[in-house]
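Reading through the structure tokens given below for one structure.
Here, each number is a calculation from the coordinates, and none is a lab measurement. On a predicted model such as this, the values are computed, not experimentally measured, just so you know. Don't worry about glycine lacking a Cβ; one is built from the backbone with ideal geometry, like all the others, and counts go over all protein chains shown.
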């Protein structure tokens, strides 16, 4: 019984791995004659309604971690961080409606297999059944690898960039003025935020990336983004994989995009506390505190505020 279950999980993992790049390739095949990049910057929302530009100094787009099932995070802890940012940065617009692990913003609960993903989503809240819910993490983690893959990554990242652009339009982004944009990515969302930023920067959008425990590759986007902030916890072993699995981040890769951005001072890497990658004691935990008596969530918020305020320093100070 146990052997059959294990074999079934292995087969399912292989199926996920084989299907991971196909969705973005199918998306591209339907657009091969369309100037996709030029269509990103259009002053209308995805449903064709003209956008109403908002007077904001900064736009922030949040991409959730690999446990997400759609573009609207149901994590109250993540929502609390975003609400704090919106409150303490009144001159910024916060958007959190992009599902970064699929093209066309199609959440897992918006497919014919939604019954399967909804059941796994419910199991995420049941301690004894969380192992089964890790299939969501596996499925989304494979999309992170697609984003970092030099063969399939450009297509996948272009698709996500289009969804980010449409989200910006829905939230009143003025494509004539092009105020700065910071894409914040948690966990796997960090790499996808970085990959998509290549195409946003190609539209003359001043774009930066803020990674919260992200598993980051030496992405070509590092040659275009204004700045990359990568914050991590000392007990977060998952984010360390970026140093190991991506050769462009090895010390020997002295001409990689990562190495060039480091030499230019456009990457800030900072340990903000003893956080773990996810679960109890992670970056959004308000019940545990560091040696100075500050809870982990507040440490994450403070790091975000520091980066976002510095991003608009040349254009004026955000609300404090």
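For the range 58-312, give the share of DSSP beta bridges that are antiparallel, in percent and rounded to the nearest 5; count only bridges with both residues there.
Given both bridge residues lie in the range 58-312, the antiparallel proportion sits at roughly 5 percent.
Compare the peptides 294-300, 176-182, 260-266 by average per-residue count of other Cβ atoms within 10 angstrom and give them in order, highest first.
Taking the mean over residues of other Cβ atoms within 10 Å, the ranking is 294-300, 176-182, 260-266.
Starting from one equal scatterer on each C-alpha and no solvent at all, send me the Debye-based log10 I(q)/I(0) for the range 122-267 at q = 0.10, 0.15, 0.19, 0.22 Å⁻¹, two decimals.
-0.37, -0.78, -1.14, -1.40
Convex hull over the alpha-carbon atoms of the range 58-312: what's its volume per residue in Å³?
Value for the range 58-312: 126 Å³ per residue.
In Å, what Kirkwood hydrodynamic radius results for the range 251-320 from the alpha-carbon pair distances?
Result for the range 251-320 stands at 14.4 Å.
Given contacts defined as C-alpha pairs under 8 Å and at least six residues apart, what's the relative contact order of the range 224-314, whole-number percent?
Reported as a whole number, the value is 29 percent.
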